[in-house]
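Submitted below is the structure of interest, expressed as structure tokens.
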Amino acid sequence: QQPVQSPQAVILREGEDAVINCSSSKALYSVHWYRQKHGEAPVFLMILLKGGEQKGHEKISASFNEKKQQSSLYLTASQLSYSGTYFCGTGDEDSNYQLIWGAGTKLIIKP
Amino acid sequence: GAGVSQSPSNKVTEKGKDVELRCDPISGHTALYWYRQSLGQGLEFLIYFQGNSAPDKSGLPSDRFSAERTGGSVSTLTIQRTQQEDSAVYLCASSYPRGPTYEQYFGPGTRLTVT
């Protein structure tokens, strides 16, 4: 039931774009995105809800395809500060919205 | 305001010993979560507290693990008779009531090493 994140890792040059995907085998109600820098706590980025509502940082862009049970996080014009591991957490109504977390996507931005 | 705090930040213990990990959530947050993160892995849910309701213990890996939350605030995660496979970072998070629209605020974690 753990959502699958892809890619597992990506290396970019500063200024390049990246897309991180999160796919589930279950019908989803919500997808949460967090970023964790090495040795630090995960930090909230965005919540996407069934029906189209979104909540999060203005500089972060993401989509939620309910039919495909998939969410994508779009990182454009990447900056060095974007480096870290990105986790998605998925929630569904059956599990009372308890989040199940993906294994993470490691993003490395090089100058 | 103050964020989620956890103590100790690092704990090294011998196999078979008991350990206690502490979490102090953000004031006013009624929901509190404990997660375990093994090296290079995602977040593994352990236990969830919401106000005065019975905790959701469905993620606890064995009966060696237990947690309590006193007065709806500070929480302690206890691991009895620690094993080497318990070595991980233990993260605590808090939020307003559990629900799809509430983000979780994480503490810095406790790195537990069992030798």
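If you roll a 1.4 Å probe over the heavy atoms of the protein chains, what accessible area per residue do you get for chain B, in Å²?
Values: 5480 Å² over 115 residues.
Roughly 48 Å² per residue, with all protein chains present.
Right, here's the next one. Heavy atoms only, probe 1.4 Å: what % of the accessible area of segment A:1-107 goes to carbon and sulfur, would you let me know? Provide the component values of the computation, followed by the final result.
Details: 2520 of 5480 Å².
Reported share for carbon and sulfur atoms: 46 percent.
Could you give the length gained by full extension between A:Ile60 and A:Glu40, i.e. 0.36 nm per residue of separation minus their alpha carbon distance, to one decimal place? Write out the running numbers ahead of the final one.
Numbers: separation 20, 0.36 × 20 = 7.20 nm, distance 1.99 nm.
Full extension from A:Ile60 to A:Glu40 adds 5.2 nm.
Okay, next question. If every alpha-carbon in segment A:4-110 counts as one equal scatterer, what log10 I(q)/I(0) does Debye give at q = 0.10, 0.11, 0.14 1/Å?
-0.25, -0.31, -0.50
What size of dipole, in debye to the nearest 20, comes out for segment A:4-110 about its Cα centre when the only charges are +1 on Lys and Arg C-beta atoms and -1 on Asp and Glu C-beta atoms?
Numbers: 11 positive and 10 negative charges, 45 e Å.
Charge dipole, segment A:4-110, about its Cα centre: 220 debye, nearest 20.
Do any residues of segment A:62-111 lose at least 10 Å² of accessible area when the full set of protein chains is present rather than just their chain alone, and if so which, with a 1.4 Å probe?
Those residues are A:Phe87, A:Asn96, A:Tyr97, A:Gln98, A:Leu99, A:Trp101, A:Ala103.
Over all directions, what mean area does the Cα convex hull of segment B:5-114 project, stated in square nanometres? Display every interim value, and only then the final one.
Numbers: hull surface 25.8 nm².
Hull-based average projected area comes out at 6.4 nm².
Viscosity 1.567 mPa s, temperature 4 °C: what is the translational diffusion coefficient of the protein assembly as shown from Stokes-Einstein with a Kirkwood Rh over Cα pairs, rounded to a whole number of µm²/s? Spell out each step's value before the answer.
Working: Rh = 18.0 Å.
Answer from the Stokes-Einstein relation: 72 µm²/s.
Taking only the alpha carbons of segment B:61-115, what extent do you get along each of the three principal axes, in Å, biggest first?
39, 21, 18
What's the carbon and sulfur percent of chain B's accessible surface, probe 1.4 angstrom, rounded to a whole number? All intermediate terms of the calculation are to be shown ahead of the outcome.
Details: 2460 of 5480 Å².
Ligands and nucleic acids excluded, carbon and sulfur give 45 percent.
Kindly compute the accessible surface that chains A and B hide from a 1.4 Å probe when together, both sides summed, and give it to the nearest 100 Å².
On the way: alone 6550 and 6290 Å², together 11240 Å².
Interface area, both chains combined: 1600 Å², rounded to the nearest 100.
Let me ask something else about it. Suppose every Lys and Arg Cβ carries +1 and every Asp and Glu Cβ carries -1, with no other charges. What dipole size does chain B come out with about its Cα centre, to the nearest 20 debye? Before the final figure, lay out each step's value.
Values: 11 positive and 11 negative charges, 22 e Å.
Once rounded to the nearest 20, the dipole reads 100 debye.
Could you do me a favour and compute the accessible area per residue for chain A, 1.4 Å probe, result in Å²?
Values: 5760 Å² over 111 residues.
Heavy-atom accessible area per residue stands at 52 Å².
The values are calculated or read from the model by the stated rules, or taken from the named source; none is laboratory data. Here the structure is a predicted model, which means the values were calculated and not measured. Neighbour counts are summed over all protein chains in view; Cβ atoms, including those assigned to glycine, are modelled from backbone coordinates with ideal geometry. To get the accessible areas, we keep the full protein, side chains included, count just its heavy atoms, and leave off ligands, DNA and RNA. Shrake-Rupley method; radii C 1.70, N 1.55, O 1.52, S 1.80 Å.
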